[in-house]
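Taking it in order: structure first as structure tokens, then the write-up.
The numbers here are math on the coordinates, done by the rules we state, and not lab data. What you see is a predicted model, and the numbers here were worked out from it, not measured in a lab. Using ideal geometry, Cβ is built from the backbone for each residue, glycine included, and neighbour counts are taken over all protein chains shown.
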Amino acid sequence: MQSDTVECKPTMWFTGRAVIMALMFLGFGVYFYYDAATGYPQKNLEFFMHKAFVDAGALFDREVSGKGASREDWERTVLARTVEFPEGYQVPSGVDRDGTPWPAVLADYGVMSAPGKGWSAAWQSYSGEMRYPIKPVDHPYDDSKIFEQWVAGSVCLVLAMVALFFLVRTRGRKMVLNDGQVTAAGRVFRVEDIARLDLRRWKMKGLALATLKPECGGARIRLDGLTYGGFRKEDSPHNAEDFMKALLSLYQGEIVDYEETPDSADTSARKDDEEHAEHDAV
């Protein structure tokens, strides 16, 4: 059944990109929030636990190798030590900042006195048991770094919401020409209400601007062919190209377009074919 109505629905070109952007920002937002709430405090814990092993190695060399402390003396020394967590550095909520003892493996005299290994062998054993990385981060993350993650996460989530807003709004709109009445960009007006039609970006970018007459408000309406209808030939007669042809067949006002010489017309035609081929591929 033939219809005089040209109805251009949102294209997959727009929908796909909007969904990808929303998911990308959402993913980054969740990632930043995870680092702020869990990732950075956990990395701080691993850093300061590793530092305790380094300090234990230096203390063992000083007390045992240097002063000749016995096995029992070393065990008592380890049992009296706690891990230092400086103020301004967050660690997981279940960690006792003031009373976390040195790990028991550091009291193992045989491990600590192993030639060429010492505390590093103890750390390898302990990190494997706790599933910590052998090499922790180079530096801990203070409160300002964690705050930056909260801010970055919030910005990404806001951008995700913006992308979702435009996706939902665009999916609820159409670009329609029906019996001289135009629906575009959430506005409804008559073809005769248009005072000026700017087509300078239509061939290359699929964008046109319709300026309404002063008595109709003088608004500038965006006609977006890439977002609505697209330029795939298989979507005819409901693609953006057919929409514009139908609109121009009814329009009698001013048209702004680039003047074309024969050479520029050939160049423009080639670019137009390439643009359409790209749209088809998308």
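At most 11 other Cβ atoms within 10 Å and a DSSP loop assignment: could you name the trypsin sites (Lys or Arg not before Pro) in the range 77-132 that fit?
Working: sites: Arg81, Arg97, Lys117, Arg131; in loops: Arg81, Arg97, Lys117, Arg131.
Filter output for the range 77-132: Arg131.
Give me, ordered by chain and number, the residues 5 or more places off Ala195 or on other chains with an amide H under 5 Å from its own placed amide H.
Here Thr211, Leu212, Lys213 satisfy the definition.
Among the lysines, which fall within straight-line cross-link reach of Lys233, defined as a Cα-Cα distance under 21 Å, with same-chain neighbours fewer than 8 residues apart omitted?
Of all the lysines, those that pass the test against Lys233 - Cα under 21 Å, at least 8 places apart if same chain - are Lys9, Lys174, Lys203, Lys205, Lys245, Lys271.
Mind listing the long-range amide H neighbours of Thr100? Cut-off is under 5 Å, sequence gap 5 or more, other chains count too, H placed in the peptide plane at 1.01 Å from N.
Sorted by chain and number, the residues that satisfy this are Val83.
Assuming a viscosity of 0.692 mPa s and a temperature of 37 °C, what translational diffusion coefficient in µm² per second does Stokes-Einstein assign to the range 12-149, Rh being the Kirkwood radius over Cα pairs? Mind showing how you got there, number by number?
Numbers: Rh = 17.2 Å.
D = 190 µm²/s.
What number, in nm² with one decimal, is the all-direction average of the projected area of the convex hull of the alpha-carbon atoms of the range 116-263?
19.5 nm²
Where the only charges are on Cβ atoms (+1 Lys, Arg; -1 Asp, Glu), what is the dipole of the range 12-149 about its Cα centre, to the nearest 20 debye?
So the magnitude is around 420 debye.
Dipole magnitude of the chain about its Cα centre, charges +1 at Lys/Arg Cβ and -1 at Asp/Glu Cβ only, in debye to the nearest 20? Could you put the intermediate results ahead of the total?
Working: 33 positive and 42 negative charges, 87 e Å.
With Lys and Arg at +1 and Asp and Glu at -1, about 420 debye.
If you filter the range 86-194 for GluC sites (Glu not before Pro), then keep DSSP loop positions with at most 12 other Cβ within 10 Å, what is left?
Sites meeting the loop and neighbour criteria: Glu87.
Report ³J(HN,Hα) in whole Hz for each residue of the range 42-58, in order, from the Karplus equation J = 6.51 cos²θ - 1.76 cosθ + 1.60 where θ = phi - 60°; Gly and Pro get x.
Running phi through 6.51 cos²θ - 1.76 cosθ + 1.60 with θ = phi - 60° gives 5, 5, 5, 4, 4, 5, 6, 5, 4, 4, 4, 5, 4, 4, 5, x, 5 Hz.
Apply the Karplus curve 6.51 cos²θ - 1.76 cosθ + 1.60, θ = phi - 60°, to the phi angles in the range 199-215 and return the couplings in whole Hz, x for Gly and Pro.
10, 5, 10, 5, 5, 8, 10, x, 10, 9, 10, 9, 9, 7, 5, x, 5
So what does log10 I(q)/I(0) come out to for the chain at q = 0.10, 0.16 Å⁻¹, using the Debye formula with one equal point on every Cα and no solvent?
Debye intensities relative to I(0), on a log10 scale: -0.69, -1.17.
Only counting other Cβ atoms within 10 Å, I'd like Val182, Val191 sorted with the fewest neighbours first.
Sorted ascending by nearby Cβ count, the order is Val191, Val182.
Reachable lysines from Lys135, Cα under 22 Å, same-chain residues fewer than 8 places away excluded?
Lys43, Lys51, Lys117, Lys145
Treating the angle as unsigned and between 0 and 90°, give the value, to the nearest 10°, between the Cα long axis of helix 143-171 and the longest Cα principal axis of the chain.
Its long axis makes an angle of about 20 degrees.
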